[in-house]
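*Asks:* A single structure is presented below for examination.
Every number in this text was worked out from the coordinates using simple rules, so none of it is lab data. Small disclaimer: the values here were computed from a predicted structure and weren't measured. With ideal geometry, Cβ positions are generated from the backbone for all residues, glycine too; neighbour counts draw on all protein chains shown.
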Amino acid sequence: MSYAIEFTDVKKITAIDLDDAPAPAPGEALVKTHRMGICGTDLSCYLGKFPFFAYPRTPGHELGLEVIAVGEGVTNVKPGDKCSLEPYVNTPDSPTSQKGATNCCPGVQVIGVHGPGGLRKANWTVPARKLHPGNKLSYDELALVETLAIGYHAVQRGNPQPGETVLVIGAGPIGLSCLEFLKLMPDVNVIVMDMVQSRLDFCAENLGIKNGIQFDMDGSHLAKLEEMTDGNLADVVIDATGSVKSMSTCFDFGGYTSRIVYVGITTEKLNFPHAPVFHRREQTLLASRNALPADFGEIIKIIEAGDINTKLWITHRLDISEVPTEFDKFTDPKLGAIKAVINVND
């Protein structure tokens, strides 16, 4: 028996024992978790705010994994490979998956959310097709690929073109992941907006995103955006806040024929004025859910090339044995955590 973590109920964490999984079935891989990143979904599940999570459940979907064994027919990975996990288990023969949209397949089950996750010391099994090898990367880096993939996909949905201005609202982990890829587009003007000045400072100092706007309740942030863009506003607005208020008003920041991308998630109803802004400016509203398999391979290549420094992301660390007593503190924004990583196995 090996140590594992279970979210037993709202704000209740229990240390449990889990056996090693048996030999992998055809198409499966037996894996060992080395690192897990804590994300907003994990915190929402812990707080009882995530609609698709049921107790009790072992969390963990941002993972750096080692392949221990593979089942019959597996050719994409081999024992000893270091991998990132694409946690969105789709139904391959569904019409949605068949047209390439595996990220939003109606039957998708997210590992660590809809089903058991990787916050465990014991070996466990996953569909081998969901593993993306990155043997040149550390387990820390591999655990961050999924977060980066969310941002990568959102940027692809917005499809910024040379000469356009992109505004990212919210400089939390998902917003930062968007900025990581936008900064690699030299012909795109990037602006970030957040309520917290220290986050804007982080973007300027570590990502080179100098154009930051602090959201202000008096509405002055809109005037600052107009000044930065010569009154044209943004061509692409990526809202990474998950805030109903922000998602209902972010249309104001998009110019004529702009694209608005929702990558943040809310379960509440959204209301926004149609005629004076959305219709008048002929804006396009896009959702961005999860990421695509190809995104993972691209991100691993980008990290290997040194174009993303993941060390800047990891501000907090803890051991799996500390999770029952230390996890709750990450629900407090005042902690200032950008990304916390759990050491599961050395």
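*Asks:* If each residue's Cβ is checked for other Cβ atoms within 10 Å, how do Val155, Val110, Val341, Val237 rank with the fewest at the top?
*Replies:* On the way: Val155 25, Val110 16, Val341 22, Val237 28.
In increasing order of surrounding Cβ atoms, one gets Val110, Val341, Val155, Val237.
*Asks:* Once you order the gyration tensor axes a ≥ b ≥ c over the Cα atoms, which shape class does region 148-203 get: rounded for a/c under 1.5, otherwise prolate or oblate by comparing a/b with b/c? Before the final figure, lay out the partial values.
*Replies:* On the way: a/c = 2.09, a/b = 1.39, b/c = 1.50.
Verdict is oblate for region 148-203.
*Asks:* Then there is this: State the answer as a single residue: which of Ser258, Thr310, Phe278 lies farthest towards the positive end of the charge dipole of region 191-346, with beta carbon charges of +1 for Lys and Arg and -1 for Asp and Glu, about the Cα centre.
*Replies:* The residue sitting most towards the positive pole is Phe278.
*Asks:* Please identify, among Asn189, Asn123, Asn232, the residue showing maximal mean-square fluctuation in a Gaussian network model of the chain using a 10 angstrom Cα cutoff.
*Replies:* Among Asn189, Asn123, Asn232, the largest GNM mean-square fluctuation belongs to Asn232.
*Asks:* Just to be sure I understand: if I project the alpha-carbon convex hull of region 152-287 onto a plane and average over all orientations, what area do I get in nm²?
*Replies:* Values: hull surface 29.9 nm².
Projected area, direction-averaged: 7.5 nm².
*Asks:* Still on this structure: Pairs Lys183/Lys334; Lys12/Lys130; Lys32/Lys136; Lys78/Lys130; Lys136/Lys301; Lys210/Lys245: which exceed 21 Å Cα-Cα?
*Replies:* Details: Lys183/Lys334 27 Å; Lys12/Lys130 30 Å; Lys32/Lys136 18 Å; Lys78/Lys130 13 Å; Lys136/Lys301 10 Å; Lys210/Lys245 25 Å.
Table pairs above 21 Å Cα-Cα are Lys183/Lys334; Lys12/Lys130; Lys210/Lys245.
*Asks:* Right, next: Could you give the radius of gyration (one decimal) and Dmax (whole number) of the Cα atoms in region 231-299, in Å?
*Replies:* So, for region 231-299, Rg and Dmax equal 13.3, 42 Å respectively.
*Asks:* OK, next. Would you please name the trypsin sites (Lys or Arg not before Pro) within region 83-128 that are DSSP coil residues with at most 12 other C-beta atoms within 10 Å of their C-beta?
*Replies:* Details: sites: Lys99, Arg120, Lys121; in loops: Lys99, Lys121.
Within region 83-128, the qualifying trypsin sites (Lys or Arg not before Pro) (loop, at most 12 other Cβ atoms within 10 Å) are Lys99.
*Asks:* Treating the chain as a set of equal point scatterers at the Cα positions, no solvent, please give the Debye-formula log₁₀ I(q)/I(0) at q = 0.13, 0.15 Å⁻¹.
*Replies:* -1.01, -1.30
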